[in-house]
1. Sort out the exposed loop GluC sites (Glu not before Pro) in the chain (DSSP loop, at most 16 other Cβ within 10 Å) and tell me the longest stretch that has none.
2. Using alpha carbon centroids, what distance separates region 7-74 and region 133-161, in Å?
3. Taking the convex hull of the Cα atoms, report for the chain its projected area averaged over all directions, in nm².
4. Using 0.36 nm times the number of residues separating Asp20 and Asp230, minus their current alpha carbon distance, what extension gain do you get?
5. Which residue, Phe231, Phe268, Phe151, has the most motion in a Gaussian network model of the chain that connects Cα atoms within less than 10 Å?
6. Take each uninterrupted DSSP H stretch in the chain, measure its Cα extent along the helix axis, and return the ones at 20 Å or beyond whose mean Kyte-Doolittle hydropathy is at least -1.0.
7. May I ask for the longest run of the chain untouched by trypsin sites (Lys or Arg not before Pro) that are loop-located per DSSP and have at most 13 neighbouring C-beta atoms (other than their own) within 10 Å?
8. In deg cm²/dmol, rounded to 500, what helix-only [θ] at 222 nm does the chain give when every DSSP H run of at least 4 residues adds -39500 (n - 2.57) and the total is split over its residues?
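The values are calculated or read from the model by the stated rules, or taken from the named source; none is laboratory data. Because the structure is predicted, anything quoted here is derived from the model rather than measured. Note: ideal-geometry Cβ built from the backbone for every residue, glycine included; neighbour counts use all protein chains shown. Ligands, DNA and RNA are stripped out before the accessible areas are found, and what is left, the full protein with its side chains, is counted by its heavy atoms. Shrake-Rupley method; radii C 1.70, N 1.55, O 1.52, S 1.80 Å.
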Amino acid sequence: MRFGYGTNGFANHRLPDALDVIAGLGYEGVALTLDHSHLDPYADGLGRRVAEVADKLRDLGLAVVVETGARYLLDPLRKHAPTLLDDDRDLRVDFLSRAVAIGADLGAEAVSFWSGVRPARIDQATAWSRLVDGCERILDAARRADVTLGFEPEPGMLVDTIDGWRRLHEALGSPDGFGITLDIGHCRCNEPDPVPRCVAAVAAHLVNVQIDDMRRGVHEHLEFGEGEIDFPPVLRALDDAGYRGLVAVELPRHSHAAPAVARRSIEFLRGAEQESRREGEGRRA
């Protein structure tokens, strides 16, 4: 299992410093959220800065996925806006296209994104049509760049469940390169099935995994042990599924104590992995 850590949990660190800490704690990868202070895709000198980050990742031996959930990058007044569902959605398409290009230059294993919340003034059919159109445009950019996309079902958004992802995947023609980003906490929060069964259900399409603890019906990313998830069976399910991508800690509200939280997280995950292996050996005995 290759564990990573999300830079959205290091919002108070300079990106090079965050990468140093993450690598120093023994993580093998990073989920890099493009944001104001972390490789802003709209700042001057982007090509040079991307090359510097690529060199840094290589020197530290860190794999990378690109995340696109920055809160106020595109609009200083509207969190996560505009999305692919808004009237001014072309700005989101442009941002995601830039993320794909950056992902290609970094050698990212996936570029991850989500649908957004349906605006109250937009009916369901219009929102869905806009989402499909936007995804088709991003898919076109990803194919040209040879980048894998991971679409994340997000609680409260237009596509919030695995079933919603399946519907979108089919609406796009079930294309290669349009996989699923699975947040383990979201499975506990929002899915009817047990978390390991969720993993098994999307094994063939799984390209990116975020991991955190959570409680049923409450979309709050928690440190491990503070929620309701039993993690050894989850890690065993990922192994059984043949998943070899990053499993990146997703704690976006813990930047105030990032180094300590990241240390506790890797220690917990290593322990859970060892327990998962022991349980697996016990089953085979």
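1. On the way: sites that count: Glu223, Glu226, Glu228.
Between exposed loop sites, the widest span is 1-222.
2. 21 Å
3. Numbers: hull surface 57.5 nm².
Averaged projected hull area, Cα only: 14.4 nm².
4. Working: separation 210, 0.36 × 210 = 75.60 nm, distance 2.99 nm.
Full extension from Asp20 to Asp230 adds 72.6 nm.
5. Result: Phe268 has the largest fluctuation of those listed.
6. Details: long enough: 46-60 (21 Å, -0.33); 90-106 (24 Å, 0.69); 124-145 (31 Å, -0.32); 258-284 (38 Å, -1.27).
Passing helices, by number: 46-60, 90-106, 124-145.
7. Values: sites that count: Arg14, Arg78, Lys79, Arg121, Arg216, Arg244, Arg253.
Between exposed loop sites, the widest span is 122-215.
8. For the chain, the value works out to -14000 deg cm²/dmol.
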